[in-house]
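> Got a structure here, written out as structure tokens. Questions coming.
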């Protein structure tokens, strides 16, 4: 069905010869990111899984591919040597790095709350940085106005054919790596749609039977809603403009997919799914623990999706059967250390491996030792311990203590709480109610149902 607002042919697609040309140009500028097999994810998902770790790419994300190729084309055509780009972070680093390498003058507009490592890296590459607005869309609006006023070429982060062609080299490289046994399905994170347009276009031309799964954040679901609206025959113009919310996957926080990206991909995607921030936290934790890879929120979307039983059901409905060869794109790793720490702590709490405990004890030597003895016997690790001043006024001989501890398994934490309750009776301290769960842990794979289980394979619940 044609979108009423269509101005780009739905048959438009990335030319394979252009992608091959871009691959030759980009190859010397890129770092290799060889596929990594993920046995742990295979056990949880029922698929044969490879990770494409673009978080290890130069500038920490795949974005350098499209940015470098676009600037190379501008320089070769002699159109300009002054550029401006808007980005939540990764596109800015790609444009800034490419500008430095190609001798171009670069201005980057980023949201005021863009992660500090992304801002610093952009400036280290020699770009002049302007902070504008609270989200990507604010920065984009400013950059689009700034470009003609300053006589600069605007470098779109996604809705540009040369940028899309550059992103398509990721699929070209993937197929070179899996030439003998190509993938059956690829999971692709999507925000504006540039990566999806390049990857899906190349893969579907080379392997028409391959399944493409687009993965988006619940907090920025414009592509998913547009894709579903198209299939439901909705009359409104597509793609949809959908308000966004704060999300750990800030790299895909886009209100509306690019029109060009949408027209290229809308008939190439076999399944389109969205996942919650709680699930993204678990994907980040999984990559750290099981793959030894550090990914930002947007970069972990594909892995997070594979961990989710509901997504796996949708994949099976789209024809991705258990045992299929699946590639999950890990698209970026530019996450600051404080955010990573908070995400990992939250993930442990959501999995019930970490718990917060409050106790009221006599404010005298030795009282806390009884509690520490129980934690030691249960092989729990104390992550944090502090005196709480948030409770009501206390008698002078009482103290409220908050303890954050981690256990290897959920049941160990429950056993520890039961033993502490018994110890409290014997030692005359009070075990206060466990603080409320800080987040919706039920949103993730912990809510696994038996209907999701592969009848031919036992499945443990991953996490989330």
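> When the scattering of the range 236-285 is computed by the Debye formula from its Cα atoms alone, each counted once and equally, what is log10 I(q)/I(0) at q = 0.15, 0.21, 0.25 Å⁻¹?
Listed by q, the Debye log ratios stand at -0.54, -0.93, -1.10.
> How much of the calculated P(r) for the range 352-431 lies past 18 Å, in percent of all Cα pairs? Working shown, then result.
Numbers: 1192 of 3160 pairs.
Here the long-distance tail beyond 18 Å is 38 percent of all Cα pairs in the range 352-431.
> If the chain were replaced by its equivalent ellipsoid, with semi-axes equal to the square roots of 5 times the Cα gyration tensor eigenvalues, what would those be, largest first, whole Å? Could the numbers behind the result be given before it?
Numbers: eigenvalues 391, 139, 75 Å².
Sorted largest first and rounded, they come to 44, 26, 19 Å.
> With labels modelled as points extended 7 Å from the Cα through the Cβ direction, what inter-label distance (nm, one decimal) is found for residue 241 paired with residue 206?
According to this spin-label approximation, the distance is 3.7 nm.
> If you don't mind, there's one more thing I want to ask. Pop a pseudo-label 7 angstrom from the Cα along the beta-carbon direction at both residue 234 and residue 120 and give the gap in nm to one decimal.
4.1
> Give me the percent of DSSP beta bridges within the chain that run antiparallel, rounded to the nearest 5.
On the way: 20 of 51 bridges.
So the antiparallel bridges amount to about 40 percent of the total.
> How many angstrom lie between the C-alpha centres of the range 139-155 and the range 170-237?
29
> For the residue pair residue 338 and residue 415, what label-to-label distance in nm results when each label sits 7 Å from Cα along the Cα-to-beta-carbon direction?
According to this spin-label approximation, the distance is 3.9 nm.
> Quick check: the angle from helix 410-427's long axis to the longest principal axis of the chain, C-alpha only, nearest 10 degrees?
30
> Could you give the radius of gyration (one decimal) and Dmax (whole number) of the Cα atoms in the range 64-155, in Å?
Over the range 64-155's Cα set, Rg and Dmax evaluate to 11.9, 35 Å.
> Please give the calculated 222 nm ellipticity per residue for the chain, where each DSSP H segment of at least 4 residues contributes -39500 (n - 2.57) and the sum is spread over every residue; nearest 500 deg cm²/dmol? Show your work: numbers first, answer last.
On the way: 16 runs with 184 residues, N = 464.
For the chain, the value works out to -12000 deg cm²/dmol.
> Okay, moving on. State, as an integer percentage, the relative contact order of the chain based on alpha-carbon contacts under 8 Å between residues 6 or more apart. List each step's numbers first, then the result.
Numbers: 969 pairs, mean separation 76.4, N = 464.
The normalised contact order for the chain reaches 16 percent.
> Would you list 92, 388, 337, 274 from fewest to most Cβ contacts within 10 Å? Could the numbers behind the result be given before it?
Numbers: 92 32, 388 14, 337 10, 274 21.
In increasing order of surrounding Cβ atoms, one gets 337, 388, 274, 92.
Computed from the coordinates by the stated procedures, all read-outs in this text should not be read as laboratory data. What you see is a predicted model, and the numbers here were worked out from it, not measured in a lab. So basically every Cβ, Gly included, is an ideal-geometry build from the backbone, and we count neighbours across all protein chains shown.
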